[in-house]
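One structure is given here, and the rest of the page talks about it.
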Amino acid sequence: MTHKEHVSKDWRTRGAVLATAVVALAGASLPAAAGAGPSLGAARSFGVLGASTVSSTGQTTVTGDVSVSPGTEITGFPPGTVTGGAIHAGDATAARAHRDAANAYDVLAGMASIPANNRSNVDLGGLTLAPGVYKFDSSAQLTGALTLDAQGDSGALFVFQVASALTTASGASVVVINGGGNYDESKVFWQIGSSATLGSGTAFTGNILAYASITLVSGTTMTGNALSLVGAVTMDTNSVITSPAFVEDVNGGKPSGDHSNLTPPPGAPDDNVSARIDVKHFPAHRSREERSWLRLKVRHLEPSTGYTLWADDPLTAATVLVQFDSVATKRSGNLNYTEDTKKGGTLPFGATLARLSGKAIEVRDAAGTTTLVAGTIPTTSP
């Protein structure tokens, strides 16, 4: 396809090697794909990954990570929320996920499909399809319901190779049957040569790897990953959930956390003051309840003195620091501040850790006029 000219040589080389391996495993004569499909690598945890921008309008919810690379612009979070993941805007994690998504795209594009599975000019609505690799020479349309019959195989693989655009009508759906309770929706792949648009109210299943843009119209829900190689991902009051099997695999009982340092800004009255902020989230697991905490430790302040804590309120659109608490140092001049959701406690502003991630935070004097140390709240899960 002509768009491959824009994909880096590194992506093409790695993708070609992987594609050759997958084709050899699947066999051109097989009606169904015999392999497990490509690995999404670092992109697997990303419910949404854009290349130029990621934007959301309304109360979009994403279970998994949200990122953009090589671009850096992510808008709409909040009011959108990220659960079980974090936001990565143009950082190394986003770049790695983007690279792995590009490799997976090339593998999918190179997988063999038999002539009987060419569905060009056929609306997917109303069809029931067995596991396999299905090809569209140009665009693909889905009006109504597409049923994917796993035929009793919890690892059944479905791959759709669409040369240009994928469009679903309002209220369309993709459902998997006969896969059992352990079926992993990440076994459904949509390799799109240009852009994908999911119409309003669509209930979609599978990983979209689109060369260009991905648009989720208002009310669309998606179980899978929305991954764009060179374009934008645009959402409007949607729900995107990475594969439930993946969420359980990654988050099943494992806490996530991080820390960052706060330092005196230029002109601060005392450059010896030091501070560290730690955040941690424990997902609900078995008998353990979900728990989040935020801890701030400040050293070398004035002893037995009052101070105020300020941060950017994530629940408001304005980027303005507001006071969220008052504290006092011990006789040693040290300050330990903790907010813990265990036993009904709340984090600053009543927000989640995901919403607080990356927000500015400061320790100021009692009057709130002089900043002693400043930094950002580290990124982690809810």
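Structure summary
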quantity	calculated
Selection within the range 176-199 - in a strand (DSSP E or B) and either under 22 Å from the mean Cα position of the chain (by Cα) or at pLDDT 95 or above (or both)	Val188, Phe189, Trp190, Gln191, Ile192, Ala196, Thr197, Leu198
Residues located in the range 77-98, provided they are under 20 Å from Ser200 (Cα atoms) and surrounded by 24 or more Cβ atoms within 10 Å (Cβ to Cβ)	Gly80
Residues of the range 299-334 that turn out to be in contact (Cβ under 8 Å) with a residue 40 or more places away in the chain and more than 33 Å from the chain's Cα centre (by Cα), as a count	6
Residues within the range 190-204 that are buried (at least 22 other Cβ atoms within 10 Å of the Cβ) and closer than 22 Å to Gly132 by Cα, tallied	6
Those residues of the range 128-184 which are hydroxyl-bearing (Ser, Thr, Tyr) and under 19 Å from Asn117 (Cβ atoms), in sequence order	Thr128, Tyr134, Ser138, Ser139, Thr147, Ser164
Ser154 closer than 18 Å to Met235 by Cβ and in a loop (DSSP other than H, G, I, E, B)	no
Candidate set: the range 63-76, residues that are crowded, with 23+ Cβ neighbours inside 10 Å and within 20 Å of Gly257 (Cβ to Cβ); chosen: the one modelled with the lowest pLDDT	Gly64
Residue that is modelled with the lowest pLDDT [pool: residues in the range 146-161 that are surrounded by fewer than 20 Cβ atoms within 10 Å (Cβ to Cβ) and either within 20 Å of Met222 (Cα to Cα) or not acidic (Asp, Glu) (or both)]	Ser154
Tabulated pairs, the range 81-103, first free of Cβ contacts under 8 Å to residues at least 40 places away in the same chain, second open to solvent by 30 Å² or more (accessible area, probe 1.4 Å), C-beta under 6 angstrom, 6+ apart or interchain	Ala89/Thr72; Ala89/Ile74; Gly90/Thr72
From Ile208, Ile177, residue being of a type in the set (Val, Ile, Thr), touching a residue at least 24 places away in the same chain (Cβ under 8 Å) and open to solvent by 30 Å² or more (accessible area, probe 1.4 Å)	Ile177
Val279 vs. criteria open to solvent by less than 40 Å² (accessible area, probe 1.4 Å) and in a strand (DSSP E or B)	yes
Scope the range 162-173; condition outside any loop (DSSP other than H, G, I, E, B) and either at pLDDT below 95 or open to solvent by 10 Å² or more (accessible area, probe 1.4 Å) (or both); matching residues	Thr167, Ser173
Count - residues of the range 109-145 that are closer than 20 Å to Ala212 by Cα, part of a strand (DSSP E or B) and open to solvent by 30 Å² or more (accessible area, probe 1.4 Å)	2
Enumerated strands (runs of 3 or more DSSP E) restricted to the range 285-379, each holding at least 1 residues that are surrounded by fewer than 13 Cβ atoms within 10 Å (Cβ to Cβ) and in contact with a strand residue (DSSP E or B) (Cβ under 9 Å, 6 or more places away or on another chain)	306-312, 321-328, 335-340
Of all residues making up the range 215-256, the number that are open to solvent by 30 Å² or more (accessible area, probe 1.4 Å), modelled with pLDDT under 90 and farther than 19 Å from Thr81 by Cβ	5
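The values are calculated or read from the model by the stated rules, or taken from the named source; none is laboratory data. Everything quoted here is computed from the prediction, not taken from an experiment. Cβ sites come from the backbone with ideal geometry, for glycine too, and all protein chains shown count toward neighbours. Ligands, DNA and RNA are stripped out before the accessible areas are found, and what is left, the full protein with its side chains, is counted by its heavy atoms. Shrake-Rupley method; radii C 1.70, N 1.55, O 1.52, S 1.80 Å.
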